[in-house]
Amino acid sequence: MDFSRRRFLATSAVAATALGADAAQAARRAAGDAAAPLPSGAVPSARQWNWHAHEMYAFVHFAMNTFTDKEWGYGDEDPKWFNPTDFNADQIVAAAKVAGMRGVILTAKHHDGFCLWQTQLTEHSIRNSPYKAGKGDIVAEMSEACRKADMLFGLYLSPWDRNHAEYGRPAYIDYYRKQLTELCTRYGKLFEVWFDGANGGDGYYGGAREARKIDAPKYYNWPSIVKLVHELQPDACTFDPLGADVRWVGNEDGVAGDPCWPTMPNVPYEQDVGNAGLRGGEIWWPAETDVSIRPGWFYHADEDSKVKSPARLIRLYDESVGRGTNLNLNLPPDRRGRIADQDVKILKSFGDAIRATFAKDLAQGSVAHASASRGGRFAPAQVLDGQRETYWSAPDAVLTPTLTLDLAPGTRFDVVRLREYLPLGIRVTRFAVEAEIDGQWQRLAEKECIGAQRIIRLPQPIAPRRVRLVVLEGSAAPAISEFALFASVAPVDVPAIVSTDPSVLDSTKWTIVAASAPGAERLLDNDAATIWKQPAPQPGKPARVTVDLGRAEALGGFTLTPSRQVMADSAPPRGYVAETSLDGKTWKRSAAGEFGNIAYALATQRIAFPAPVKARYLRLTFEATALPAGMLAIAGLGAFTGRT
């Protein structure tokens, strides 16, 4: 069946606007007031229009993986392992709120199938954990904490379940729909329901311990799943299959395409299209940009030194929210059940900077005028009123007008924010922002797509006499709801730490002794965004790196972090040979094997040696990539001392 809910909604919205507005427009014409522009192309549903206003919220990955130090659980975990020592939903929600986020999406069930709510549908749940003697309900506690803090609440429910015996068969779909019904009817209003794209593979599956493959669109029947959510939670947007309200941005780096159009073709999702969207696409399917504040989605003590800095979070904001997408920033609680202290400090610094930057619109008090205007309630001044539902527009035949702000003397700014009135569709294709400085107009930026919002950060503050928006190309007369100016405030730096786990070694004090390709220093910088790349290993020509730890340690093992970046023709290593030495001359093989599910989970690999080894030097050899690829890519290395 060709499921085209978005096409139906867009067509219905246009028809309703045209038919329902006839009488009102006639009255306005009689009063000398111009009629509103008609929508152009695909438009958001009311649900999607509300979603666009949320801008930024938190992902909270907290589950069995928090206690097993994994990213993807196999499904055979003992429920007794889930035992937070000091769970505090209020603290988690407060950490998100201080960062300026407007909601929280909790992982109610990840791929291992362990459920964080009081369900009778499975024994693999919090009912059989020590937490509150089996009476706890993390979903309920998080829902209540969000309600108290006036924050939105959403839920993630993994379609893949590596625990359930019937996964891959029709009976599991009935089970999954029952789970979804419980979550959508017990915990109050939800703003988003999140479906992960990871589906099918090896797992416990009730003891079968086998691999099961599925055809996800056919198996889940996504239109029926989306319909169920909308029936139970009419205001909740769904993520991410075709037919859902929101799409994936196409990477886990937190970077939207430039431009990132909210429209897409009405076909199953393709990653290379999802990052930028498609101008003029027939359905409204806006992007959500998801990224973790740490390299992993779940908490790991050896990533305490790798928390993204406040300055990096500002860049993420500009590259996601500033490109018209919503930012879903993951904040993983630790084994206590709290957001780690270092993360909270960084979130507060980031939130303070965002609030200070956007606290005052410096365009207020300026005089707005345009080369063309529809007049009345569509006058240029509407871009200055701070209202989401008002906008400036030109006559229908004028597709490329100019909007100018005459600024108050001394107005200094380095941030520009523009917004389109989305219920009328995407109308501006290409635009420029220019400033009059010393009597000369200078082009500050030229971009495609304004959309929900477009933030332009200048290299330094300017104090022009005038500033203007020049529409260079459009499909219909523009509908601009905001033209705002701000002065940026830099975040307070938060010094990095090593780890709350004393066994984790500080890799920033190491040095590269030898490597099979240049740039291996990137492996030691605690930044998962910097990648060591080289041609893929070939028989007789492996990739290799040798590290000097600076002093002899009782080495218990090493960690390797693959790149999460979307890179064509690149893959992490399939396996490893780890050798250790005290003098860098005499070497001992300490471990060898394959990394577990590294190609798809892209999770940090934690390899423990059979016994601690006294060593100053560590040499790692990689003989093949995990998937066929022309390049090998690794983001970071680490190590830990012997653990008892």
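The values are calculated or read from the model by the stated rules, or taken from the named source; none is laboratory data. Everything quoted here is computed from the prediction, not taken from an experiment. FYI the Cβ positions are ideal-geometry reconstructions off the backbone, even for glycines, and counts take in every protein chain you see.
Some points to look at:
Residue-by-condition table, conditions (1) over 22 Å from residue 642 (Cβ atoms); (2) without any contact (Cβ under 8 Å) to a residue 60 or more places away in the chain; (3) in a strand (DSSP E or B); (4) touching a helix residue (DSSP H, G or I) at 6+ places or on another chain (Cβ under 6 Å):
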{"position": "517", "(1), (2), (3), (4)": "yes, yes, no, no"}
{"position": "521", "(1), (2), (3), (4)": "yes, yes, no, no"}
{"position": "526", "(1), (2), (3), (4)": "yes, no, no, yes"}
{"position": "530", "(1), (2), (3), (4)": "yes, no, no, yes"}
{"position": "545", "(1), (2), (3), (4)": "yes, no, yes, yes"}
{"position": "548", "(1), (2), (3), (4)": "no, no, yes, no"}
{"position": "553", "(1), (2), (3), (4)": "no, no, yes, no"}
{"position": "558", "(1), (2), (3), (4)": "no, no, yes, no"}
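- Qualifying residues in region 22-48 (those that are at pLDDT 95 or above and surrounded by fewer than 16 Cβ atoms within 10 Å (Cβ to Cβ)) - the one nearest to residue 379 (Cα to Cα): 38
Okay, residues lined up against (1) touching a residue at least 12 places away in the same chain (Cβ under 8 Å); (2) buried (at least 24 other Cβ atoms within 10 Å of the Cβ):
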{"site": "231", "(1), (2)": "no, no"}
{"site": "259", "(1), (2)": "yes, no"}
{"site": "272", "(1), (2)": "yes, no"}
{"site": "279", "(1), (2)": "yes, no"}
{"site": "282", "(1), (2)": "yes, no"}
{"site": "304", "(1), (2)": "yes, no"}
{"site": "313", "(1), (2)": "yes, yes"}
{"site": "328", "(1), (2)": "yes, yes"}
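- Strands (runs of 3 or more DSSP E) fully within region 153-221 that include at least 2 residues being under 25 Å from residue 106 (Cα atoms) and touching a residue at least 24 places away in the same chain (Cβ under 8 Å): 192-194, 201-203.
- In region 432-444, the count of residues that are of a type in the set (Phe, Trp, Tyr), in contact with a Lys or Arg (Cβ under 7 Å, 6 or more places away or on another chain) and farther than 19 Å from residue 365 by Cα is zero.
- Scanning region 601-623 for residues that are surrounded by fewer than 19 Cβ atoms within 10 Å (Cβ to Cβ) and part of a loop (DSSP other than H, G, I, E, B) returns a single hit, 623.
- Count - residues of region 504-528 that are surrounded by fewer than 17 Cβ atoms within 10 Å (Cβ to Cβ) and of a type outside the set (Asp, Glu): 8
- None of 633, 599, 626, 611 is touching a helix residue (DSSP H, G or I) at 6+ places or on another chain (Cβ under 9 Å) and touching a residue at least 12 places away in the same chain (Cβ under 8 Å) except 626.
- Filtering region 374-424 to residues that are on the phi > 0 side of the Ramachandran plot and more than 29 Å from the chain's Cα centre (by Cα) leaves 375, 376, 410.
- Meets criteria (touching a strand residue (DSSP E or B) at 6+ places or on another chain (Cβ under 6 Å), closer than 20 Å to residue 167 by Cβ and buried (at least 24 other Cβ atoms within 10 Å of the Cβ)) for residue 63: yes
- Residues that are touching an Asp or Glu at 6+ places or on another chain (Cβ under 9 Å) and surrounded by 15 or more Cβ atoms within 10 Å (Cβ to Cβ) were ranked within region 578-590; the one that is nearest to residue 637 (Cα to Cα) is 590.
- Within region 383-419, if we keep just the residues that are small (Gly, Ala, Ser) and surrounded by 20 or more Cβ atoms within 10 Å (Cβ to Cβ), the residue that is farthest from residue 489 (Cα to Cα) turns out to be 394.
- Screening region 64-86 for residues that are within 29 Å of residue 311 (Cα to Cα) and not in a helix (DSSP H, G or I) and picking the one that is nearest to the chain's Cα centre (by Cα) gives 71.
- Flag for residue 295 being touching a helix residue (DSSP H, G or I) at 6+ places or on another chain (Cβ under 8 Å) and modelled with pLDDT under 95: yes
- Breaking point among (1) closer than 22 Å to residue 516 by Cβ; (2) over 27 Å from the mean Cα position of the chain (by Cα); (3) surrounded by 17 or more Cβ atoms within 10 Å (Cβ to Cβ), for residue 575: (3)
- Residue ID - nearest to residue 344 (Cα to Cα), chosen from residues in region 87-135 that are part of a loop (DSSP other than H, G, I, E, B) and acidic (Asp, Glu): 112
One line per residue, one yes/no per condition, for (1) in contact with a Lys or Arg (Cβ under 6 Å, 6 or more places away or on another chain); (2) at pLDDT 95 or above; (3) under 19 Å from residue 525 (Cα atoms); (4) not assigned by TED's automatic domain parsing to the domain that holds residue 74:
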residue: 545; (1), (2), (3), (4): no, yes, yes, yes
residue: 560; (1), (2), (3), (4): no, yes, yes, yes
residue: 568; (1), (2), (3), (4): no, no, no, yes
residue: 576; (1), (2), (3), (4): no, yes, no, yes
residue: 584; (1), (2), (3), (4): no, yes, no, yes
residue: 587; (1), (2), (3), (4): no, yes, no, yes
residue: 597; (1), (2), (3), (4): no, no, no, yes
residue: 600; (1), (2), (3), (4): no, no, no, yes
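- For region 359-382, a residue qualifies if it is touching a strand residue (DSSP E or B) at 6+ places or on another chain (Cβ under 6 Å), within 22 Å of residue 412 (Cβ to Cβ) and either crowded, with 21+ Cβ neighbours inside 10 Å or touching a residue at least 40 places away in the same chain (Cβ under 8 Å) (or both), and the qualifying residues are 361, 362, 363, 366, 368.
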